[in-house]
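The structure appears right after this line, and notes come after that.
The values are calculated or read from the model by the stated rules, or taken from the named source; none is laboratory data. The structure displayed is predicted, hence computed values, not measured ones. Cβ sites come from the backbone with ideal geometry, for glycine too, and all protein chains shown count toward neighbours. Surface areas here come from the heavy atoms of the whole protein model, side chains and all, with no ligands, DNA or RNA. Shrake-Rupley method; radii C 1.70, N 1.55, O 1.52, S 1.80 Å.
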Amino acid sequence: MTDLEKLAELIFPDVTETIEDLETRYPKRDLPEGAIVARFAPSPTGFLHTGSLFATLIAWRFPTQSNGVFFTRLEDTDTKREIAGSGEELLRQLEAFGIIPNEGYMGTYEKGNYGPYKQSDRELIYRTVIKELVKRNLAYPCFCSSDDLTNLRAYQEQNKLNPGYYGEFAKCSRLTPSEAIAKIENGEPYVMRFRSSGNYQNKVQITDLIRGNLELAENDQHIVILKSDGLPTYHFAHLVDDHFMRTTHITRGEEWLPSLPIHYELFDTVGWEKPNYAHLPVIMKLDNGNRRKLSKRKDPEASVSFFLENGYPVEGILEYLITIANSNFEEWRLQNMNANIYDFKLSFEKMNLDGALFDLAKVENICKERLSRLTKDEFTTKAYDFACKYDNQLKELIDRDVDYFKSIINIEREKDNPRKDYTTFKDIYPIINFFYNDLYEELLAKEELPFNKERFDNATIAKVLNAFKANMGLEYDEENWFNNLKQTTESVGFCSNVKEYKKNKEAYPGHVGDVSEMIRIAISTRRNTPNPYYALKILGKEEVSRRIDLVLNKLN
């Protein structure tokens with residue numbers, strides 16, 4: 001047995017398998033040509049960030065559209081920062097957006113043949129690989145204390161040297177196996193480091209699926225690959241996991257680009273095929289004229305729970321993220337207004353390179369458009385799901401009479417250019433509550449009716465309302481109802497044509513639009529409502545008459 005083999009056995013006496021055994025246990029996946037295998041690999045350290053949702057949407061979409069595999073892996077090796085239950089919550093939030101893995105860590109269980117899918121359960125796999133690297137003199141124990149490393153860093157800063165543990169500064173890399181064995185047998189604590197053969201003055205050719213061919217400084221750092229607690233560092237765990245889980249594509253934020261030379265060297269040194277890398281643009285925020293990353297601390301919209309709890313339709317959020325991802329999506333959408341976003345084929349070639357500014361106003365416009373294009377049944381199902389979780393008032397309304405709710409929601413819906421009354425599901429209750437008689441009476445009792453008192457006194461308003469009450473015209477279709485309203489308008493001395501009124505304002509107290517607004521306020525207590533004709537039809541002649549009487553009493 002060589003000295004390197006003795007060192008490997010001393011460090012890893014429990015490891016009996018080899019890399020070849022792992023290759024047999026985790027064979028290459030049997031997938032169609034061109035199928036992509038990608039993953040969502042969160043740390044259980046908090047909520048799902050909007051940027052993470054963006055990256056995960058991309059990671060999920062490419063396997064889905066190529067008949068590949070999307071899996072989840074929990075990277076839980078940073079035990080100090082772990083938040084209990086956050087791994088399960090991350091998956092629940094992803095599921096709310098329709099992103100469901102084919103295999104992997106599923107929260108309370110695991111699914112698939114390439115596990116374990118929690119890094120904390122893969123310790124023996126990492127140790128097996130490192131044992132082989134020690135035998136090949138590609139990894140070694142480092143006995144430097146934290147004080148040693150602090151002093152080294154201070155020396156490098158003082159002398160304006162490239163910081164880190166490399167080259168002449170990697171002193172433990174020069175220990176012979178016998179010296180290392182002696183230190184271990186003496187009980188000295190250590191970590192395991194990767195032995196780099198790189199030189200940062202050289203360049204390594206990098207291919208990124210989004211950014212093309214890049215030149216980055218070669219890695220020369222002897223990075224830690226196994227910590228003193230026996231768990232691997234991110235860089236090494238990523239190498240082993242993505243190889244044995246047979247990941248073909250790694251999509252992640254552009255902040256990971258500087259670490260790519262490390263990953264390239266790790267794959268090349270071990271002799272494994274590198275996955276494809278795609279570094280996505282980071283979602284930015286404009287803050288006092290300056291661009292910055294969306295912040296968990298400063299921006300509520302940085303957490304996807306903000307959108308779920310406030311009733312934003314997931315279709316709208318996902319569509320907004322696709323517009324950030326591919327520059328040609330918006331043109332496609334204009335040609336396919338009712339299509340599912342997943343009819344659009346995502347491509348790495350059309351990925352935006354620059355960090356997109358998060359635009360909440362644009363998000364809301366997209367959400368408004370998407371909600372308007374749902375059928376009344378689709379809308380009601382999604383609204384009820386939201387209400388059951390976050391809005392008891394809305395749930396109570398729907399539970400009263402679901403068909404009545406659908407009739408309200410269906411106002412000017414299911415047509416080529418549908419009405420856009422709602423931005424979020426949270427908007428529904430305050431917009432439609434007046435349709436319910438008891439809630440209308442509550443509103444009437446506490447609200448100051450927003451009639452234009454500067455232009456119209458109570459007597460004029462009462463005159464208009466009485467005239468409409470006597471001739472509602474609800475038996476007509478919308479066009480003839482409006483023609484009938486014009487006749488009522490003329491009967492109280494108002495002008496039935498707005499343009500004519502503007503030319504000769506002195507001749508009339510108001511116009512047909514003013515009459516329509518008075519009616520709208522009387523039946524709803526507000527100036528803005530869904531189309532008043534359909535609101536009147538839903539309420540019915542008897543209820544409209546009752547409401548007008550209540551308002552007339554309030555005016556007296």
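Checking each residue in the range 367-379 for being open to solvent by less than 20 Å² (accessible area, probe 1.4 Å) and touching a Gly at 6+ places or on another chain (Cβ under 6 Å) picks out only Cys367.
The set of residues in the range 483-513 that are at pLDDT 95 or above, among the hydrophobic types (A, V, I, L, M, F, W, C) and more than 51 Å from the chain's Cα centre (by Cα) comprises Val492, Phe494, Cys495.
Among the residues that make up the range 485-499, is at least one of them open to solvent by 10 Å² or more (accessible area, probe 1.4 Å), closer than 16 Å to Lys453 by Cα and hydroxyl-bearing (Ser, Thr, Tyr)? No: the range 485-499 contains no residue that is open to solvent by 10 Å² or more (accessible area, probe 1.4 Å), closer than 16 Å to Lys453 by Cα and hydroxyl-bearing (Ser, Thr, Tyr).
Can you pull out every residue in the range 330-347 that is buried (at least 18 other Cβ atoms within 10 Å of the Cβ) and farther than 19 Å from Leu374 by Cβ? Within the range 330-347, just Leu346 meets the criteria. Among the residues of the range 205-220, those that are under 25 Å from Leu280 (Cα atoms), in contact with a strand residue (DSSP E or B) (Cβ under 6 Å, 6 or more places away or on another chain) and either of a type outside the set (A, V, I, L, M, F, W, C) or open to solvent by 30 Å² or more (accessible area, probe 1.4 Å) (or both) comprise Thr207, Asp208, Leu209, Asn213, Leu214, Glu215, Leu216, Glu218.
Listed by first and then second residue, the pairs with beta-carbon distance under 6 Å, at least 6 apart or on different chains, first residue in the range 196-222 and of a type in the set (Val, Ile, Thr), second in a strand (DSSP E or B) and open to solvent by 60 Å² or more (accessible area, probe 1.4 Å), are Thr207/Asn213. If you check Asp241, Asp229, Asp208 for being within 17 Å of Ala59 (Cβ to Cβ) and modelled with pLDDT under 95, only one passes: Asp208.
Could you tell me which numbered condition Leu91 fails, if it satisfies all but one of (1) open to solvent by 20 Å² or more (accessible area, probe 1.4 Å); (2) touching a helix residue (DSSP H, G or I) at 6+ places or on another chain (Cβ under 8 Å)? Result: Leu91 fails condition (2) only. Anything in the range 240-267 that is of a type in the set (D, E, K, R), outside any loop (DSSP other than H, G, I, E, B) and either under 16 Å from Thr207 (Cα atoms) or open to solvent by 10 Å² or more (accessible area, probe 1.4 Å) (or both)? List them, or say none. Once the filter is applied, which keeps residues that are of a type in the set (D, E, K, R), outside any loop (DSSP other than H, G, I, E, B) and either under 16 Å from Thr207 (Cα atoms) or open to solvent by 10 Å² or more (accessible area, probe 1.4 Å) (or both), the range 240-267 yields Arg252, Glu254, Glu255, Glu265.
No other residue among Ile36, Ile83 is among the hydrophobic types (A, V, I, L, M, F, W, C) and crowded, with 18+ Cβ neighbours inside 10 Å apart from Ile36.
Within the range 363-395, how many residues are under 17 Å from Glu414 (Cα atoms) and not polar (S, T, N, Q)? Lay out the reasoning, then the answer.
So the first thing to find is which residues in the range 363-395 are under 17 Å from Glu414 (Cα atoms), and the list is 367-383.
Now narrow it down to the ones that are not polar (S, T, N, Q): 367-371, 373-374, 376-379, 382-383.
Matching residues across the range 363-395 total 13.
The rows are residues; the columns are (1) open to solvent by 20 Å² or more (accessible area, probe 1.4 Å); (2) of a type in the set (A, V, I, L, M, F, W, C); (3) part of a loop (DSSP other than H, G, I, E, B); (4) touching a His at 6+ places or on another chain (Cβ under 7 Å).
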| site | (1), (2), (3), (4) |
| --- | --- |
| Gly355 | no, no, yes, no |
| Thr381 | yes, no, no, no |
| Asp385 | yes, no, no, no |
| Leu394 | no, yes, no, no |
| Leu397 | no, yes, no, no |
| Asp438 | yes, no, no, no |
| Glu448 | yes, no, yes, no |
| Phe451 | no, yes, yes, no |
| Glu454 | yes, no, yes, no |
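Residues checked against (1) within 30 Å of the chain's Cα centre (by Cα); (2) free of Cβ contacts under 8 Å to residues at least 60 places away in the same chain:
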{"site": "Asp401", "(1), (2)": "no, yes"}
{"site": "Asp421", "(1), (2)": "yes, no"}
{"site": "Phe435", "(1), (2)": "no, no"}
{"site": "Leu439", "(1), (2)": "no, yes"}
{"site": "Leu443", "(1), (2)": "no, no"}
{"site": "Asn452", "(1), (2)": "no, no"}
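As for the range 314-326, it holds no residue that is modelled with pLDDT of 90 or more, in a loop (DSSP other than H, G, I, E, B) and open to solvent by less than 60 Å² (accessible area, probe 1.4 Å).
Suppose we filter the range 276-300 for residues that are in contact (Cβ under 8 Å) with a residue 60 or more places away in the chain and either crowded, with 18+ Cβ neighbours inside 10 Å or under 17 Å from Trp256 (Cα atoms) (or both); how many remain? The total comes to 12. Of all the listed residues (Asn528, Asn466, Asn480), the sole one being of a type in the set (S, T, N, Q), at pLDDT below 95 and open to solvent by 30 Å² or more (accessible area, probe 1.4 Å) is Asn528.
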